[in-house]
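Structure in structure tokens, see below.
Where a number appears in this text, it was derived from the coordinates with a stated rule and is not lab data. Treat the numbers as computed from the prediction; the structure is a model and nothing was measured. Here the Cβ positions follow ideal geometry from the backbone for every residue, glycine too, while neighbour counts run over all protein chains shown.
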Amino acid sequence: MGERAIAAEARQLVKLFDGKRAVDGVSLTVPEGSITGILGPNGAGKTTTLRMMLGIIDPTSGSRSLLGHDRPLEAARQVGYLPEERGLYPAMLAAEAIAFMGALRGVPIAEGRRRAVALLKDRGHENWAKRPIRTLSKGMAQTVQLLGTIIHKPRLIVLDEPFAGLDALNQEKLEQLIRDQAAAGITVIFSTHVIAHAERLCERVVIIAEGKAAFEGAVDEARGRLRPIVHLRTRAKDGPWRSILPVRAKQIAGEWRFELPEGGPEPMLRALLDGGAGIETLSIERPGLHDAFIAIAGEAAARAMGQRPPEEMAS
Ligand SMILES: Nc1ncnc2c1ncn2[C@@H]1O[C@H](COP(=O)(O)OP(=O)(O)O)[C@@H](O)[C@H]1O
Ligand SMILES: [Mg+2]
């Protein structure tokens, strides 16, 4: 990754609520210009971690820095934050709501209005500008709030579960907005309990489970922790070839599924051929982030994410 500046850092953050450890020693580093995903099931401690990093709440112990400030609120004008619980004034016009959010971060209101109209126009939504928030759908209101998050041209944006409540089309648009921000050099941190978004967007992921950072690093590194998976159908039911199957091989609807044995594909292929397996179909796949997540955070966390493929539930 080279010598990249650090946009945000958490060091051993702990937060107790009524004696209960909501966050239990989370450390993480966000390089400038990266898209970093905070992954974890509901209740894992993602929101609490983000709030501490932003300076909205103080940690019980540990420290953090945000754009070089040890007191994160000092960086507030350079930071955009989309909280998990959305809220806009229902009577406010969309463009006013965006300008208002900008004003809170130091943008003069007239300038904010101009920027708000331009931001809406860029996305083909100029007709929303004069509509009261209460007349917008939930997804539309969320888009408005998101534009309010970037109106002051922050260097860093923190989006807490930004995909929640959006339909597929709007999720795709949001992914594009996040990519556009990153392409413009803006650091993006977002939390999600949907692994696919992180897999598509992130350079780095932090997996939080039960208040602890179970993994921090590149998506590829998380995936690289697992061996590739072999999918195999054979004509022969039994025979010497079966010795190549690891103990943990599973048979799902007539297909063998197992981790690629040490030694790689070639010795395995030879054993299958020489052992008379009669290969019908064979594929070797790199595991996705979902499988890596299960391996790293555990089955329970993966189940809490509601992400298990149906076939695995059946087996
Ligand atoms: N203000 C609070 N007071 C008491 N408990 C809280 C508060 N905020 C969060 N918690 C608890 O801390 C844990 C982590 O919550 P949270 O950070 O919101 O998780 P996530 O965002 O990953 O779903 C949960 O058990 C939650 O109930
Ligand atoms: Mg949360």
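Quick check: the angle from helix 138-150's long axis to the longest principal axis of the chain, C-alpha only, nearest 10 degrees?
That works out to roughly 70 degrees.
Could I ask something else about it? Let me have the 222 nm mean residue ellipticity of the chain computed from DSSP H runs of 4+ only, each contributing -39500 (n - 2.57), with the sum over all residues rounded to the nearest 500. Don't skip to the end; give the middle numbers.
Numbers: 11 runs with 106 residues, N = 315.
That comes out to -9500 deg cm²/dmol.
Still on this structure: Among P41, L169, G87, whose Cα lies farthest out toward the positive end of the dipole of the chain, if unit charges sit on the beta carbon of Lys, Arg (+1) and Asp, Glu (-1)?
Going by the charge dipole, the pick is G87.
Right, something else. How many angstrom lie between the Cα centre of region 154-193 and the Cα centre of region 207-249?
Between the Cα centre of region 154-193 and that of region 207-249, the gap is 30 Å.
Which of E203, E3, E111 has the fewest other C-beta atoms within 10 Å, and how do the rest follow up to the most? Before the final figure, lay out each step's value.
Working: E203 17, E3 5, E111 14.
The most exposed by this proxy come first: E3, E111, E203.
Can you tell me how much longer the chain between I229 and F17 gets when fully stretched, taken as 0.36 nm per residue apart minus their C-alpha distance, in nm with one decimal?
Length difference between fully extended and current span is 72.2 nm.
Taking a quarter of the surface of the Cα convex hull of the chain, what do you get in nm²?
Details: hull surface 78.5 nm².
That works out to 19.6 nm², a quarter of the Cα hull's surface.
Evaluate the distance, in nm, between pseudo-label points positioned 7 Å from the Cα of T135 and of I279 along their respective Cα→Cβ axes.
6.4 nm
Still on this structure, I have one more. By how many degrees, 0 to 90 and rounded to 10, does the Cα axis of helix 94-104 deviate from the longest principal axis of the chain?
80 degrees
Related question: Could you run the Karplus curve 6.51 cos²θ - 1.76 cosθ + 1.60 with θ = phi - 60° over region 211-221 and give me ³J(HN,Hα) per residue in whole Hz, x for Gly and Pro?
x, 10, 7, 7, 7, 9, x, 6, 4, 4, 5
Check A214: other-chain or 5+ apart residues with amide H under 5 Å from its amide H, H built from backbone geometry?
Close amide H contacts, sequence-distant or interchain: I207, I208, A209.
If you build a Gaussian network model of the chain, linking Cα atoms that sit under 10 Å apart, which residue out of E210, E175, E266 swings the most?
Of E210, E175, E266, the most mobile in the Gaussian network model is E266.
Additional query: Taking R0 as 22 Å, what's the FRET efficiency between E74 and E111 from their Cβ-Cβ distance, rounded to 0.05? Working shown, then result.
Details: r = 23 Å, r/R0 = 1.03.
The pair E74/E111 has a calculated efficiency of 0.45.
Tally the DSSP beta bridges in the chain and give the antiparallel ones as a percent, rounded to 5.
Details: 35 of 53 bridges.
DSSP beta bridges in the chain are roughly 65 percent antiparallel.
At a threshold of 8 angstrom on Cα-Cα distance, excluding pairs fewer than six apart, so keeping six or more, what relative contact order does the chain reach in percent? Walk me through the intermediate numbers first.
On the way: 601 pairs, mean separation 61.9, N = 315.
RCO, the chain: 20 percent.
Where the only charges are on Cβ atoms (+1 Lys, Arg; -1 Asp, Glu), what is the dipole of region 6-223 about its Cα centre, to the nearest 20 debye?
Numbers: 28 positive and 25 negative charges, 142 e Å.
The calculated dipole for region 6-223 is roughly 680 debye.
As a test of the definition: which semi-axes, in Å, follow for region 1-113 when you take the square root of five times each eigenvalue of its alpha carbon gyration tensor? Largest first, please. Let's see the in-between values first.
Values: eigenvalues 156, 73, 34 Å².
They are 28, 19, 13 Å, listed largest first.
Still on this structure, please answer the following. For region 227-286, what relative contact order do you get, as a whole percent, if you take Cα pairs closer than 8 Å and at least 6 residues apart?
Values: 100 pairs, mean separation 33.3, N = 60.
RCO, region 227-286: 56 percent.
Where does helix 168-183 land angle-wise versus the long Cα axis of the chain, in degrees 0 to 90, nearest 10?
80 degrees
I'd like the Kirkwood hydrodynamic radius of region 87-186, using the inverse of the mean 1/r over distinct C-alpha pairs, in Å.
Numbers: mean 1/r = 0.0740 Å⁻¹.
After inverting the mean inverse Cα-Cα distance, the result is 13.5 Å.
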